[in-house]
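Worksheet for the structure shown next.
Each value in this text was obtained by applying a stated rule to the coordinates, not by laboratory testing. The structure presented is a predicted model; accordingly, all values stated were derived computationally and were not measured. Counting neighbours? That spans all protein chains shown, and the Cβs are built from the backbone with ideal geometry, glycine included.
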Amino acid sequence: MRIVLSSDIYPPVVSGVSTVVDKQSRALAARGHEVVVIAPGYPPYSRIPITKNLSHYSIWAIPNILRDNSYTGFVPSSHIRTMFNEFHPDLVHFHSIGPIGYPTLKAAKHLRIPTIATLHGIPQFITAYTPWLTKTSKKNTHRALWLVLRNYYNQMQYITAPSQFASNQMREHGVTPPITVLPMWIDKPVLPINSQSVRKKFSLPKGHYIFLYIGRIDRDKNLLVALLAAEKLKHIASSFRIVFAGKGSYLPALKNLTNKRSLSDVISWIGYIEESDKFNFYRQADSFIMPSSVETQSLTTLEAIQSGLPVIIANAGALPEIEHQFGEQCTLFQYNDPNELARVMAHQLHVNSKIYSPHLFKSYYSKNYHIRSLEGLYKKLINVK
């Protein structure tokens, strides 16, 4: 098949969406499909080879002021039509709604190319960056954004969702095309090369219980609640450290708050860690924390579970689905309650058990299952063109 993936977010930007687009495109190309990713890049409006069968049609873009190392692309639909007429795609798979998604959809409709889309985010993700809005203003903003999302996704012939939560959200807000729940796969852990070198590299304190967070350091991740919980936990426990691994636009503000509240002895900010270090890093931790209330899957939480870590997760978004699947490893807390998070963390300090549940990762979260399911959906779309 000749496949186009359209996304407003793409590597080197670090996010769940860019990870999905990058891995999907490479896996499809490796299976012999001709794949083009339309996404921000330089030089603009050029086909850049990436691997065999895979290229990037780069779109002119400017920096996104809301998110660190992120860009907003701009492209006339005429440019996309020209590219489509040269590439002759069998279908277009949309991974975002935005300045690239809209003209790409317009061009696909004009040329009657089959369309499929994946919902990665909900309106609450956007309003997480506007904490000054009142409760009523947020409610009205969510309603307006769902009008936009509904209009966009109702133009698709098929939709995939990374969780039942995401699927339910679309149905509740009037999205009507067929929806298949298809979680992103979780890569197999890389065997540790030298665990002690990882601990030394990142200055992890010996004899301390390590609570770990890996991901973007942005407002939507709700990391402030973890800082406030650390402040409370500090009064009743010792020999623990919360380690935040990642980068993002909210990092300077959180670092400043850490210093103001004298939390540097219990909180560490270690920046972005490479994929080659990540699973070794999970193995050096004792628990994983994900406080975000707007997750539609949460890849790092699932990686932590696969690595045997107990996880402390917000009772919101798609995270309760993870608790339903891996109840022995998961503890839920109210996402906006630092007191409850502190109590859960205090309890976890005395449990310290690691459990591994491999059976679900061999089926539901396997790469083979994901790609074969995706190919099946693509073939169905092409056949009913």
| query | Considering only DSSP beta bridges with both partners in the chain, what is the antiparallel share in %, to the nearest 5? | reply | 15 percent
| query | Relative contact order for the range 195-348 using alpha-carbon pairs under 8 Å, separation at least 6, rounded to a whole percent? | reply | 26 percent
| message | I'd like the FRET efficiency for residue 261 and residue 50, computed as 1/(1 + (r/R0)^6) with the beta carbon distance as r and R0 of 51 Å, rounded to 0.05. | response | 0.70
| Once the Cα atoms of helix 251-260 and of the chain are each reduced to a long axis, what angle between those two axes, in degrees from 0 to 90 to the nearest 10, is obtained? | 10 degrees
| remark: Scalar couplings 3J(HN,Hα) for the range 298-307 by Karplus 6.51 cos²θ - 1.76 cosθ + 1.60 (θ = phi - 60°), nearest whole Hz, x for Gly and Pro, are 6, 5, 5, 5, 5, 5, 4, 5, 4, 7
| query | Cα axis of helix 101-110 to longest principal axis of the chain: angle in degrees, 0 to 90, nearest 10? | reply | 20 degrees
| For the chain, modelled as a Gaussian network with Cα springs under 10 Å, which listed residue fluctuates most, 80, 322, 236? | 236
| query | Given C-alpha coordinates of the range 265-308, what is the ratio Rg to Rh with the Kirkwood estimate of Rh? | reply | 0.96
| request: Could you tell me which of the pairs 232/255; 206/232; 234/278 are separated by over 20 angstrom between their Cα atoms in the structure shown? | output: 206/232; 234/278
| note | Computed on Cα atoms, Rg of the range 10-110 relative to 2.2 N^0.38 Å comes out at 1.02
| message | List the chymotrypsin sites (Phe, Trp or Tyr not before Pro) within the range 220-323 that DSSP assigns to loop and that have no more than 16 neighbouring Cβ atoms inside 10 Å. | response | 272
| request: Rounded to the nearest 0.05, what FRET efficiency do residue 111 and residue 42 give with R0 = 30 Å and r taken as the Cβ-Cβ distance? Could you check? | output: 0.70
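Can you figure out the FRET efficiency of residue 324 with residue 86, using R₀ = 35 Å and their beta-carbon distance, to the nearest 0.05?
Details: r = 47 Å, r/R0 = 1.33.
Result of the calculation: an efficiency of 0.15.
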| task | Could you work out how far apart the two model spin labels at residue 62 and residue 340 are, taking each label as a point 7 Å from the Cα in the direction of the beta carbon, and quote it in nm? | result | 4.2 nm
| Stretchable slack from residue 367 to residue 171, in nm (0.36 nm times residue separation minus alpha-carbon distance) | 67.9 nm
| task | Note down the relative contact order for the chain as a percent, whole number, built from C-alpha pairs under 8 angstrom at least six residues apart. | result | 14 percent
| task | For the range 195-348, just list the percent of Cα-Cα distances falling in each 10 Å bin from zero outward, please. | result | 11, 45, 38, 6
| field | Those lysines that a straight Cα-Cα span of less than 30 Å connects to residue 379, excepting residues fewer than 8 apart in one chain | value | 23, 52, 106, 109, 188, 362, 367
| Cα long-axis angle, helix 16-30 against the chain (0 to 90 degrees, to the nearest 10) | 50 degrees
| What Kirkwood hydrodynamic radius, in Å, does the range 87-219 give when the mean of 1/r is taken over all pairs of distinct Cα atoms and then inverted? | 18.2 Å
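Would you kindly give the portion of the calculated P(r) for the chain that falls above 41 Å, as a percent of all Cα pairs?
More than 41 Å apart: 14 percent of the Cα pairs in the chain.
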| task | Note the direction-averaged projected area, equal to a quarter of the hull surface, for the Cα convex hull of the range 212-266, in nm². | result | 3.5 nm²
